[in-house]
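S.K.: Sharing a structure below in structure tokens format, with a few things to ask.
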Amino acid sequence: MSAFDDDLMADRTVFVAGGTSGINLGIARRFAQLGARVAVAGRNPEKAKTAADSIGPGALGLSADVRDYEAIRGAMEQVAAELGPLDVVVSGAAGNFLAPAAKMSANAFRTVVDIDLNGTFNVFRGCYDLLRTPGASLIAITAGQAVNAMPMQAHACAAKAGINQLVRVLAMEWGPDVRVNGISPGPIAGTEGMARLAPDDSTRAAHYARIPMKRWGEIEEVAEAAVFLSSPSASYVSGTILDVDGGSQLGDATRNDTSKGLA
Ligand code: COA
Ligand code: NAP
């Protein structure tokens with residue numbers, strides 16, 4: 001179910017960093033369904049090609065590591081040359097694993113900050129003069145760890161908090177021509193992130209207890225939010241972080257079953 005017309009993104013060029021699997025691939029797919037020319041990038045070239053093939057004819061699948069400014073800049077230059085100036089850029093590449101800070105190596109911490117935070121700077125800085133302006137839409141994929149501290153997530157919490165502030169600063173600096181927003185997904189079914197953060201039943205139950213909607217999210221629901229933020233309907237929305245999490249960040253929703261309350 002969608003509120004958007006089938007050709008909403010016709011004649012738009014969309015680049016999704018980290019768009020070769022999971023939520024970001026779902027975002028890329030949705031823009032393509034709505035008529036956009038789409039390119040995705042990840043580290044693994046075969047995975048990128050498979051992802052592009054799954055999106056449809058004309059989609060580009062490129063190999064670039066967001067930690068390497070020249071590599072990701074080069075990928076976006078190629079996209080702009082082949083598909084046209086960039087209208088929408090999504091920065092969604094991320095790395096994560098559960099690890100207690102006292103046992104996390106400096107390189108482990110740095111690796112996640114480098115992919116998530118520095119990678120997002122590289123993607124947004126690198127695309128700046130490749131954007132079609134005015135009207136371009138930049139979207140960072142962040143997470144609840146940006147605002148809610150979570151054990152075993154020192155690296156991801158620090159990185160995603162940095163992303164939220166980067167979104168706000170860029171929205172201020174690039175304001176007239178470019179809108180910059182973030183999407184903070186909740187636990188999304190069938191994703192690598194969920195498999196890593198909730199690897200067993202008790203962790204899954206703890207995540208589930210926080211969801212007022214009492215169900216996992218779907219990739220397509222995050223994709224709809226990305227389309228909204230890049231649509232004319234969001235023409236005055238900039239510098240915001242849109243939670244697509246069934247209300248998960250509100251706190252522990254274990255006792256939200258009103259049927260058990262006083263009538
Ligand atoms: N626990 C603790 N430390 C870990 C770890 C874990 N589960 N996994 C990796 N590390 C450490 C490594 O030991 C290494 O540190 P060291 O040099 O001190 O030993 C450091 O992290 C970098 O690991 P490396 O495997 O070299 O990094 P990479 O750049 O090849 O891969 C990762 C990056 C580690 C984030 C990898 O998990 C990845 O590619 N993830 C992408 C997919 C993903 O995470 N999706 C979910 C998104 S929410
Ligand atoms: P995923 O399937 O593992 O997607 C990660 C993508 O990033 C892949 O395409 C991966 O491809 C790419 N990538 C990783 N490191 C990269 C690098 N250094 N350079 C370029 N590309 C890189 O993960 P997901 O679970 O769908 O998560 C997607 C986004 O949503 C992430 O930003 C995550 O933090 C956020 N999020 C997810 C959830 C959830 O429930 N899953 C919840 C909140 C937020 P390669 O491996 O080939 O590089």
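S.K.: Go through the range 185-210 residue by residue and tally those that are within 12 Å of ligand 1 (Cβ to nearest atom) and either within 22 Å of Gly247 (Cβ to Cβ) or in a helix (DSSP H, G or I) (or both).
M.R.: Of the residues in that region, 11 qualify.
S.K.: Sticking with this one: Which residue is modelled with the lowest pLDDT, if the candidates are limited to the range 211-234 and must be open to solvent by less than 20 Å² (accessible area, probe 1.4 Å) and assigned to a loop (DSSP other than H, G, I, E, B)?
M.R.: It comes out as Ile211.
S.K.: Now for a different question. I'd like to verify a number: residues in the range 130-150 that are among the aliphatic types (A, V, I, L, M) and either within 13 Å of the chain's Cα centre (by Cα) or assigned to a helix (DSSP H, G or I) (or both), how many?
M.R.: Residues flagged as among the aliphatic types (A, V, I, L, M) and either within 13 Å of the chain's Cα centre (by Cα) or assigned to a helix (DSSP H, G or I) (or both) within the range 130-150 amount to 7.
S.K.: Scan the strands (runs of 3 or more DSSP E) fully inside the range 31-129 and keep the ones with 1 or more residues being open to solvent by 30 Å² or more (accessible area, probe 1.4 Å).
M.R.: Filter on the range 31-129 gives 37-42, 60-63.
S.K.: Being within 16 Å of ligand 1 (Cβ to nearest atom), buried (at least 21 other Cβ atoms within 10 Å of the Cβ) and not in a helix (DSSP H, G or I) is the filter here; which residues of the range 13-30 pass it?
M.R.: Val16, Ala17, Gly18, Gly19, Thr20
S.K.: Additional query: Answer yes or no: is there a residue in the range 195-205 that is of a type in the set (Asp, Glu) and farther than 23 Å from Thr133 by Cβ.
M.R.: yes
S.K.: May I ask you to verify whether Leu170 is surrounded by 21 or more Cβ atoms within 10 Å (Cβ to Cβ) and touching a residue at least 60 places away in the same chain (Cβ under 8 Å)?
M.R.: When the stated conditions are applied, Leu170 does not pass them.
S.K.: Quick check: anything in the range 136-150 crowded, with 24+ Cβ neighbours inside 10 Å and more than 14 Å from Asp243 (Cβ to Cβ)?
M.R.: Yes, that holds for at least one residue.
S.K.: Please indicate, with yes or no, whether at least one residue in the range 127-147 is more than 26 Å from Gly251 (Cβ to Cβ), aromatic (Phe, Trp, Tyr) and either modelled with pLDDT under 95 or in contact with a helix residue (DSSP H, G or I) (Cβ under 6 Å, 6 or more places away or on another chain) (or both).
M.R.: Within the range 127-147, none of the residues are more than 26 Å from Gly251 (Cβ to Cβ), aromatic (Phe, Trp, Tyr) and either modelled with pLDDT under 95 or in contact with a helix residue (DSSP H, G or I) (Cβ under 6 Å, 6 or more places away or on another chain) (or both).
S.K.: Among Asn122, Asn96, Asn118, which is modelled with pLDDT of 95 or more and within 8 Å of ligand 1 (Cβ to nearest atom)?
M.R.: The unique qualifying residue is Asn96.
The values are calculated or read from the model by the stated rules, or taken from the named source; none is laboratory data. Since this is a predicted model, take the numbers as computed values, not measurements. When we count neighbours, we look across all protein chains shown, and the Cβ atoms used for this are built from the backbone with ideal geometry, even at glycine. SASA here: full protein model, heavy atoms, side chains in, ligands and nucleic acids out. Shrake-Rupley method; radii C 1.70, N 1.55, O 1.52, S 1.80 Å.
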